[in-house]
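Peer 1: Let me give you the structure first, and then I'll get to my questions.
Coordinate-derived values only; no laboratory data. Note that the structure is a prediction, hence the values are computed from the model and not measured. So basically every Cβ, Gly included, is an ideal-geometry build from the backbone, and we count neighbours across all protein chains shown.
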């Protein structure tokens, strides 16, 4: 944690950095005898970095991962396998770190991005109120997480009850959904938006665009360079993948 209000992003397992030639012809899935669905490469289940079998809780989630393996070319490219990384993280790490992961998710609610409104200019303030207010209301109504907005960047503590509710919800999730939520929160800078995506109330891309209203306003005023646009698109793709991840786990 970099400070008391801004948790760091969770550590994810890394797929092998070594260049690996494609060693399989067909990627498929199949039910596992002990439950869940296994990813199959020519009928054999690949391993996570910690040497655990790559088994997911639902058929759709296993298919999402298997499709990444099927799409590989001559060499394995881990950067094109975000669902595989999420699955490996859930299997290898999250089960042993559920409490601290839930604490970090809850900490974001204590300084949630959708609670900090600009003081000026007026068009930005109005846009933030119009776009973020309904999702704060949603969190209070649907999740029992009532967060108060504040003008400016000075930290305003939120109620312990709201933060506790976020943590309790995180701990109620299985390791795979918890991994997704732990990824979505820092990506969006908001527990509210991440919870809305996890619950299926908000699409991943829509949540990402909401999370960067300030950036978008600046881009509309001053333009955007190609490098920044490329980074934004990569993050938007990650948000889209998270929506599909949660949907596949449902």
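Peer 1: Under a plain spin-label model, where a point goes 7 Å from the Cα along Cα-to-Cβ, how far apart in nm are residue 236 and residue 151?
Peer 2: Here the answer is 3.2 nm between the modelled labels.
Peer 1: Could you work out [θ]222 nm for the chain from helices alone, using -39500 (n - 2.57) per DSSP H run of at least four and dividing by all its residues? Round to the nearest 500 deg cm²/dmol.
Peer 2: Counting only the DSSP helices, I get -17500 deg cm²/dmol.
Peer 1: Another question, if that's okay. Against the longest alpha carbon principal axis of the chain, how many degrees, from 0 to 90 and to the nearest 10, is the axis of helix 82-92 turned?
Peer 2: Relative to the chain, helix 82-92 is tipped by roughly 80 degrees.
Peer 1: Specify the angular offset, from 0 to 90 degrees and rounded to the nearest 10, of the alpha carbon long axis of helix 160-172 from the longest principal axis of the alpha carbons in the chain.
Peer 2: On a 0 to 90 degree scale, this one is about 10.
Peer 1: Sticking with this one: Using alpha carbon centroids, what distance separates the stretch 16-64 and the stretch 122-198, in Å?
Peer 2: If you average the Cα positions of each part, the centres end up 34 Å apart.
Peer 1: Say we join alpha carbon atoms closer than 10 Å with springs in a Gaussian network model of the chain; which of 168, 106, 196 then has the biggest fluctuation?
Peer 2: 168
Peer 1: May I ask you to list the residues of the stretch 65-104 whose amide nitrogen lies under 11 Å from a point 7 Å from Cα along the Cα→beta-carbon direction of residue 244?
Peer 2: Counting only backbone N, you get 65-69, 71, 81-84.
Peer 1: Once you have the Cα-Cα distance between residue 216 and residue 171, take 0.36 nm times their residue separation minus that, and quote the gain in nm to one decimal.
Peer 2: 12.8 nm
Peer 1: Mind checking which of 174, 225, 112 has the largest fluctuation in a GNM of the chain, springs on alpha carbons under 10 Å?
Peer 2: Most flexible of the set in this elastic network: 225.
Peer 1: Another one. Taking only Cα atoms, what is the 0 to 90° angle, nearest 10, from helix 98-110's long axis to the longest principal axis of the chain?
Peer 2: Helix 98-110 sits at roughly 30 degrees to that axis.
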